[in-house]
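Only one structure is covered here, and it is reproduced in the block below.
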């Protein structure tokens, strides 16, 4: 509102208004011009402000016109000026937002109709009353003719002018950014005023120049009309200037919106990158651990297997010996040889299980026997489960294979079983179920541990998420498990009830 | 005794050699060597060895190297690996290429070896 274009257009608007009022004083024109001035301005306002504006304009027009035309009106022009001043102030500070649904032409037509109806009614009633009181008499007919003539003129002029000069489209532009619109309420008034001045003064000028009853000799009158015309042109030019400026402002706003959007998009991209980096870090961390573990266990396995071979060989040898030469105490020697063999088998299984688990190859083509992998894991974790935790196995009757990486599947089950063991604080049970559904193998691990709280359930597969105190556990186990299962084109789901237990459900496609 | 199949067992651990001999000399004629070079020599001097079983991890020449060299000279013989290691890529490759026909784990299963040897001979 502070820019100079606005100030200039306000100036010219007021100038035009003053000139129009002065024209009455100097009797430049007949009542037509006066009436129409009093009509056009309110109509334009109502175009900008819709029904409310139409009502107010109608009331003012209807009441004040008779006062203006009141013969021997002792207050001169002052009431007029006050009335108009109040009127415009009222409109300016009461400006309502146009509804977004208004179509370009419908609203002005409604407004004009309402205004005209009110105007006509009040004019007839009030004017007639005044004239009767002062003794002068003008017939209804005369008044009606004047009214109709005026109504037709301004109807044509304002609609035409409005669509021509696109004040409405300007308003629509501003509707998009209503905060801008509020600031420009007053601008709109001035623009509308200027528009109407231009149209009307053009009309009057042409009428007076070319009509036989026009005022060709009245140079003062012509001067005034020319002044109207010029001020109208200047105002209109200022509208263009302002429109450009408003469009520029709107463009800036849009640009700002676009920038904000862009920043949001980039921020989101950054967040995604950070997330994926975190996941990569977790995987690398785990891979590194597993690599070291693999080297360790491979070396150890060999070192253990060799001396184990001695014991096995010796046990075989003794067994053969006692077959060849009758044992003096066969039961005893059988038990001794048997015990050795059982011990050897058990050690061998553990070592094999460790080897399987820490296999470092990335080969995804291996045949994974889920049952045997589960068995391996139970052996490895046997120490932790033998006191207080019952292991229940409900395996499917059919033997099946998953195509993937044996070592990685080991990791998954070990992670899940370790979690189950840690969740069971005193006594409990772990159930391992497998079954076949169509092309998929379903593996369930159920425990009766302390369960997972609902609020945590969504985050358990996030890397580094853990409910353990710092230092205990990395929070990587389930995120690794999740990524391995996904790698094998399977799904893993968690169901848990705090205080009751947890179920892990895995679905893996079987190799055909 | 001369008609029995001869097998060669190569391992750097003496105890392994002794035990293998003890356990298998009822079924086969067992010859032993404690390193690859000796093994190659024995293959030269005993031409009727049918099967060669070798340990993987040996100093100077590991099992696969030994078998490769042996196979060059004696391609018609059958070669096996016995090892305390889990299946490695090397061994898998050797199986696929036909360099070795069998892979045994330590500690070995006597029956498994007897059955396998039966098939090979």
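The values are calculated or read from the model by the stated rules, or taken from the named source; none is laboratory data. Since we're looking at a predicted model, the values are computed, not measured. Note: ideal-geometry Cβ built from the backbone for every residue, glycine included; neighbour counts use all protein chains shown.
Among A:280, A:297, which is modelled with pLDDT under 90, assigned to a helix (DSSP H, G or I), surrounded by 10 or more Cβ atoms within 10 Å (Cβ to Cβ) and within 14 Å of chain B (Cβ to nearest Cβ)?
Testing whether each residue is modelled with pLDDT under 90, assigned to a helix (DSSP H, G or I), surrounded by 10 or more Cβ atoms within 10 Å (Cβ to Cβ) and within 14 Å of chain B (Cβ to nearest Cβ) leaves just A:297.
Of A:502, A:466, which residue is more than 13 Å from residue A:409 (Cα to Cα), surrounded by 16 or more Cβ atoms within 10 Å (Cβ to Cβ) and touching a residue at least 12 places away in the same chain (Cβ under 8 Å)?
A:502
Could you identify the single residue in A:254, A:269 that is more than 14 Å from chain B (Cβ to nearest Cβ), farther than 30 Å from residue A:459 by Cβ, modelled with pLDDT of 65 or more and loosely packed, with under 15 Cβ neighbours inside 10 Å?
On inspection, the qualifying residue turns out to be A:254.
Across region A:399-449, what is the total count of residues that are touching a residue at least 12 places away in the same chain (Cβ under 8 Å), part of a loop (DSSP other than H, G, I, E, B) and over 13 Å from residue A:485 (Cα atoms)?
Final tally of qualifying residues: 9.
Residues that are away from chain A (no Cβ under 14 Å), at pLDDT 90 or above and in contact with a helix residue (DSSP H, G or I) (Cβ under 7 Å, 6 or more places away or on another chain): which helices (runs of 4 or more DSSP H) entirely in region B:38-121 hold 2 or more of them?
B:63-73
Among the residues that make up region A:338-356, is at least one of them within 14 Å of another protein chain (Cβ to nearest Cβ), under 26 Å from residue A:485 (Cα atoms) and either within 51 Å of the chain's Cα centre (by Cα) or modelled with pLDDT of 90 or more (or both)?
Yes, region A:338-356 contains a residue that is within 14 Å of another protein chain (Cβ to nearest Cβ), under 26 Å from residue A:485 (Cα atoms) and either within 51 Å of the chain's Cα centre (by Cα) or modelled with pLDDT of 90 or more (or both).
Need the failing condition index for residue A:362 against (1) surrounded by 14 or more Cβ atoms within 10 Å (Cβ to Cβ); (2) outside any strand (DSSP E or B), just the number.
Against the list (1) surrounded by 14 or more Cβ atoms within 10 Å (Cβ to Cβ); (2) outside any strand (DSSP E or B), residue A:362 comes up short only on (1).
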